[in-house]
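Read through the structure below, which is laid out as structure tokens, and then see the notes.
The values are calculated or read from the model by the stated rules, or taken from the named source; none is laboratory data. None of these values were measured; they are calculated from a predicted model. In this analysis, Cβ positions are derived from the backbone assuming ideal geometry, glycine residues included, and neighbour counts consider all displayed protein chains. For accessibility, only protein heavy atoms count, side chains too; no ligands or nucleic acids. Shrake-Rupley method; radii C 1.70, N 1.55, O 1.52, S 1.80 Å.
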Amino acid sequence: MRLKENINMQDSKTQKDKLVPLVKIRNLKKAFGSNLVLKGFNLDLFPNENVVILGKSGSGKSVLIKCLVRLVEVDEGEILVLGKSIPDLEQEELDEIRTDVGFLFQGSALYDSMTVRENLQFPLRRHKERMKGQDEEKLIMEALRSVGLEHAIDLMPAELSGGMKRRIALARTLILQPQIILYDEPTSGLDPITSNEIIQLILKIQKDLKATSLIITHDMDCARVISNRMIILQDGINYAEGTYEVLSQSDDKKVKAFFKEVQKR
Amino acid sequence: METIAKSIKNYLEETGSISQFAFRFFQQAVRPPFEFKELLRQCYLIGYNSLFLVIATGFIMGLVLTLQVRPTMIEFGAVSYMPQMVGISIVREIGPVITALICAGKVGSSIGAELGSMKVTEQIDAMEVSGTNPFKYLVVTRIMASTLMLPLLVIAADAIGLFGSFLIESIKGDVSMTLYFNIVFETLTFGDLLPATIKSFFFGFAIGLVGCYKGYHSKKGTEGVGKAANSAVVLASLLLFVIDFLAVLVADIFYEI
Ligand SMILES: Nc1ncnc2c1ncn2[C@@H]1O[C@H](COP(=O)(O)OP(=O)(O)OP(=O)(O)O)[C@@H](O)[C@H]1O
Ligand SMILES: [Mg+2]
């Protein structure tokens, strides 16, 4: 059963219908062998929205956003990102789209064998044309300044703390100034204070870049502060969606349990 | 019975997917853009990291071979043929094989572990989404580098091995360096050098290919990384002997040894 908890959202919904979604997912299906992970997921992501995706561990949240940049091939369904159908793109077009979609990995995924500077240079190497006229060094410094880690430029990832790694990964994601940013658990494994710093950073970046984000999180505080809208991924579908206020008042057992469970953690 | 059938099936499947991997390598290797800088860096790393080990083993190999063979040759009254005998065996067989085995251990495992941990920590995915082709950047450069560097390392091992052998000869017998190496180079023909060099390229290719394949397809988790490194060494070593055997067969046809 699909539940639509969008009573309060009727007005904004009619407004949104006029907008073209940046990301549109219809009936997305994905299985790994006999393990059915996504069983018909739908999503619209509109410009300047921050949408949070909630779901239990192993429910397929990471798989979902990996489908958006074709790190995972889908079995069935439609994925449109910036108007292009992701499963049908040629490699070159795909790479073009990927520069417009930032991806922050669950474990930061910094390149171990490179310094922070080289980590930030890496996305620039294929996209020099895009950043025409802009000095590489200046872009790197700017990105580092926006996450407050200019002094770390010559360090190796192994020399950084978890929170610093996350921030450098964020800087690396932002350096191409993407329109859409996908965050995979940006605050997982961090203490509450550092988490909060990262959340504030994301909000600030959001404003500066005028980006649209899809954020996966377990952290209810994070979800509450960041989201305009939340989607619960349960049983492989978008089980429920609505604002934090609406969803937290929901009578549905699964949604309720979910809030309780997450809040306890 | 069933387990045997299963392991044969697994074996065939693996062979298929390694072949596919190799095919993808050739496909990507000829297509621009080329990653020259990374290729040079890998050449340097692979060559530099194994050079000391290769030289040390090459030297000892020369010493041991000479010490062990010498008494027999004296018995047969053929001690003056020592340079020929040692030269041919080192250049044709022992040099390439020992060097390749050492590199399978050193280079193969390090490539397997490095790519494996990059895979597991999603660094390869991160490259992919940043629009860089990780196969080209990581795999093509490493396979090329090991293919190019192995013959050079073999030459180094051969040279130092021959030098080691000369040292023993000059201590135990009475031969000058010029004379010794003159005899060695006179004995060695094109038919000795060419197959050995070609063979070395294939050895290097096999080591790079297997290391990259195992790393690139490593399973999730730290255990996966260890397994990738370990099985890279095992499979590469096995493959080296198969290639060696085939190379000798082919050389035999061409040169009627
Ligand atoms: N490459 C893969 N091969 C096989 N199965 C996979 C693969 N990637 C994910 N899965 C499976 O898909 C399911 C969903 O995984 P996913 O990583 O999306 O979970 P998640 O919702 O992100 O969980 P978490 O909150 O723990 O990160 C899991 O059951 C996992 O075993
Ligand atoms: Mg996940």
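Highest mean first, how do A:151-161, B:22-32, B:227-237 rank when packing is the count of other Cβ atoms within 10 Å averaged over residues?
Details: A:151-161: 14.5, B:22-32: 12.5, B:227-237: 21.2.
Per-residue Cβ counts within 10 Å, averaged per peptide and sorted highest first, yield B:227-237, A:151-161, B:22-32.
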Review point. With the contact rule set at Cα under 8 Å and sequence spacing of 6 or more, what percent relative contact order holds for region A:110-177?
Key: 50
Study note, to complete from the structure: Highest GNM mean-square fluctuation among A:Thr115, A:Thr187, A:Thr99, for chain A with Cα springs under 10 Å, belongs to A:Thr115
Point to revise | Average Cα contact separation per residue, chain A, under 8 Å, 6 or more apart, as relative contact order % | key: 28
**Study point:** Electrostatic dipole magnitude of region A:110-177 [Cβ: Lys, Arg +1; Asp, Glu -1; Cα centre; debye, to 20]
**Key:** 320
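Sort the following peptides by mean Cβ neighbour count (other Cβ atoms within 10 Å, averaged over residues), highest first: B:61-68, A:60-67. Write down the numbers at each step before the final one.
On the way: B:61-68: 18.2, A:60-67: 23.5.
Result, highest mean first: A:60-67, B:61-68.
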Review point. Of B:Ile155, B:Phe34, A:Ile180, whose Cα points farthest to the positive end of the dipole of the protein assembly as shown (charges on the beta-carbon: +1 Lys, Arg; -1 Asp, Glu; origin at the Cα centre)?
Key: A:Ile180
Check your understanding: Taking the Cα atoms of region B:3-55 alone, what are Rg (to one decimal) and Dmax (as a whole number) in Å?
Key -> 17.4, 47
Review point. For peptide A:166-178, how many partner chain Cβ atoms fall within 10 Å of a residue's Cβ, on average?
Key: 1
Review point. Size of the dipole of chain B about the Cα centre, Lys and Arg at +1 and Asp and Glu at -1 on the beta carbon, nothing else charged, in debye to 20?
Key: 740
Exercise for review: Report the semi-axes of the equivalent ellipsoid for the protein assembly as shown in whole Å, largest first, where each axis is √(5λ) for an eigenvalue λ of the Cα gyration tensor.
Suggested key: 59, 24, 19
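Using a 1.4 angstrom probe with every protein chain in place, what is the largest-first accessible-area order of B:Leu40, B:Leu239?
B:Leu40, B:Leu239
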Exercise for review: Note the per residue figure in Å³ for the convex hull of the C-alpha positions in region B:35-256.
Suggested key: 127
Exercise for review: For the protein assembly as shown, build the charge dipole from Cβ charges (+1 Lys, Arg; -1 Asp, Glu) around the Cα centre, then report which of A:Ala152, B:Val175, A:Asn228 sits farthest towards its positive end.
Suggested key: A:Asn228
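Hey, what did chain B get for relative contact order, percent, Cα under 8 Å, at least 6 apart?
31
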Exercise for review: Arrange the residues A:Lys39, B:Lys199 by how much accessible surface each exposes, largest first, with a 1.4 angstrom probe.
Suggested key: A:Lys39, B:Lys199
Review point. Which entries in the list A:Lys24/A:Lys138; B:Lys9/B:Lys227; A:Lys66/A:Lys260 go over 30 Å, if you measure between the two C-alpha atoms of each?
Key: A:Lys24/A:Lys138
Check your understanding: About its Cα centre, how strong a charge dipole does the protein assembly as shown have in debye, to the nearest 20, once Lys and Arg get +1 and Asp and Glu get -1 at the Cβ?
Key -> 1480
Check your understanding: If you add up the charges near B:Gly108, with Lys and Arg at +1 and Asp and Glu at -1, over every other residue whose beta carbon is less than 12 angstrom from its beta carbon, what do you get?
Key -> +2
Point to revise | Pairs of alpha carbons in region A:110-177 whose separation is greater than 14 Å (percent) | key: 50
Review point. Quick one: of the DSSP bridges fully inside the protein assembly as shown, what percent are antiparallel, nearest 5?
Key: 50
Practice item. Shielding by partners for A:103-113, please: the mean number of other protein chain Cβ atoms within 10 Å of each residue's Cβ. Key: 5
Exercise for review: Sum up the charges of everything whose Cβ sits under 14 Å from the Cβ of A:Glu150, counting Lys and Arg as +1 and Asp and Glu as -1, but leave A:Glu150 out.
Suggested key: +1
Check your understanding: Tell me, what is the 1.4 Å probe accessible area of A:Ser59, in Å² to the nearest 10?
Key -> 20
Practice item. Report ³J(HN,Hα) in whole Hz for each residue of region A:147-158, in order, from the Karplus equation J = 6.51 cos²θ - 1.76 cosθ + 1.60 where θ = phi - 60°; Gly and Pro get x. Key: 9, x, 10, 4, 6, 8, 4, 9, 7, 8, x, 5
Review point. What does the helix-only formula give at 222 nm for the protein assembly as shown: each DSSP H stretch with n ≥ 4 adding -39500 (n - 2.57), the total divided by the residues, and the result rounded to the nearest 500 deg cm²/dmol?
Key: -19500 deg cm²/dmol
Revision key, fill the gap. From most to least accessible, 1.4 Å probe, no ligand or DNA/RNA atoms counted, B:Glu186, B:Glu38 line up as B:Glu186, B:Glu38
Point to revise | Reference-scaled alpha-carbon Rg (2.2 N^0.38 Å with N residues) for chain A | key: 1.01
Check your understanding: Within region A:161-201, whose backbone N sits under 18 Å from a point 7 Å along Cα→Cβ of A:Ser57?
Key -> A:184-192
Revision key, fill the gap. Normalised Cα Rg of region B:10-149, dividing by 2.2 N^0.38 Å with N its residue count, works out at 1.44
